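Below is one structure; the comments refer to it alone.
The values are calculated or read from the model by the stated rules, or taken from the named source; none is laboratory data. Model, not experiment: these values are computed from the prediction. No Cβ is skipped: glycine too gets one built from the backbone with ideal geometry, and neighbour counts run over all protein chains shown. What goes into the accessible areas is simple: the full protein's heavy atoms, side chains included, and nothing from ligands, DNA or RNA. Shrake-Rupley method; radii C 1.70, N 1.55, O 1.52, S 1.80 Å.
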Amino acid sequence: MTKSPYPILPLRDIVIFPHMIAPLFVGRLKSINAIETVMEANKEIVLLTQKKPSIEDPKEKDLYKVGAIGNILQMLKLPDGTVKVLVEGKSRCAIKNIHKFEDYLCADIVLFENEEVPEIEQNELISKLSNLFEKFVKLNGKISTEILSTISEIKNINNLTDSIINHLVLNIEEKQSFLEMINPIQRAQDLINKIESEIEILGSERKIRSRVKTQMEKTQREYYLNEQLKAIQKELGSSEDGKNEFDEIEDKINKG
């Protein structure tokens, strides 16, 4: 289904997925103009990520061709002239073309409808993905385990994959790649492979840390015992050539 025109909000270092809510700080004049326009209308805007975040005035070639149509939930003008907005992604969309409208960018878009997945296959994917993500969270240690209760309530594979992706540390290219995967089965399988790879890396890192810790403890123990031995030897007194009584007795025994 083609819709037009939608104001564009270019994003520097974030990819917005459907059902994702994120705060954004906006300082570019074109972006602020786009936000103010949609706030006066239906509050819907195209959230489109830049290929290079350093570009200050992005053109069509500087933006990815798949983004998310979203809502602006809140808008707050800050004293320094920037704007803070709270956005929510609604659904994936493809960009047909981009054109300048007054003083901001607009896009004609095609909305992607979620593909249906057979119930049995969907349940199998949800079960495997949920179990893997739980294992990853417990190994990672940097993600709140409270997220698991939220994830466990999601019974749609489209929503589950997007929600899990939001909690993984991926670069922009990887996240954009997942956003562009329209087929939910492919997206789920690729995400399963990614999490399995991350779990393997975390497992290897844990083994390495364990070995290093054991070696350090051994080294510290040996150092402590050596220092204790030196202290005992010093307490007993040393001969002029630096040998204590035990060393001298040992030398005599060895000489026979």
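Could you tell me what percent of the accessible area of region 68-209 is made up of carbon and sulfur, with a 1.4 Å probe and every protein chain present?
For region 68-209, the apolar C and S fraction of the accessible surface comes to 49 percent.
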Under the rule that an exposed site lies in a DSSP loop and has at most 13 other Cβ atoms within 10 Å, name the longest stretch of the chain with no GluC sites (Glu not before Pro) of that kind, not counting the sites themselves. 154-239
Add -39500 (n - 2.57) for each DSSP H run of 4 or more in the chain, then divide by its residues: what number comes out at 222 nm, to the nearest 500 deg cm²/dmol? -16000 deg cm²/dmol
Got a sec to turn the phi values of region 99-108 into Karplus ³J(HN,Hα) couplings, 6.51 cos²θ - 1.76 cosθ + 1.60 with θ = phi - 60°, whole Hz, x for Gly and Pro? 9, 7, 10, 6, 10, 7, 8, 10, 9, 8
Length gained, ASP108-SER204, 0.36 nm per residue minus C-alpha separation, equals 29.8 nm
So for region 78-152, Kirkwood radius off the Cα pairs, Stokes-Einstein at 25 °C and 0.890 mPa s: how many µm² s⁻¹? 143 µm²/s
Under the 7 Å Cα-to-Cβ spin-label approximation, GLU180 and ASN42 lie apart by a distance in nanometres of 2.7 nm
Taking a quarter of the surface of the convex hull around the Cα atoms of the chain, what do you get in nm²? 25.5 nm²
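Please give the length that would be gained between ILE147 and SER91 if that part of the chain were fully extended, namely 0.36 nm times their separation in residues minus their C-alpha to C-alpha distance (nm, one decimal).
Difference between extended and current length: 18.0 nm.
How high is the FRET efficiency from LYS52 to LYS155, r the C-beta distance, R0 45 Å, rounded to 0.05?
After rounding to 0.05, the efficiency reads 0.75.
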Largest first and in whole Å, what are the equivalent-ellipsoid semi-axes of region 118-211 based on the Cα gyration tensor, each being the root of 5 times an eigenvalue? 23, 15, 12
Ignoring ligands, DNA and RNA, what accessible area per residue does region 1-111 give at 1.4 Å, in Å²? 48 Å²
Full extension between GLU196 and TYR224 adds, at 0.36 nm per residue less the Cα distance, a length in nm of 5.9 nm
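From the P(r) of region 1-91, could you give the percentage of C-alpha pairs in the tail past 17 Å?
44 percent
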What is the projected area of the convex hull of the Cα atoms of region 20-159, averaged over all directions, in nm²? 11.1 nm²
Do you know the relative contact order of region 53-173, to the nearest whole percent, from alpha carbon pairs under 8 angstrom that are 6+ apart? 15 percent
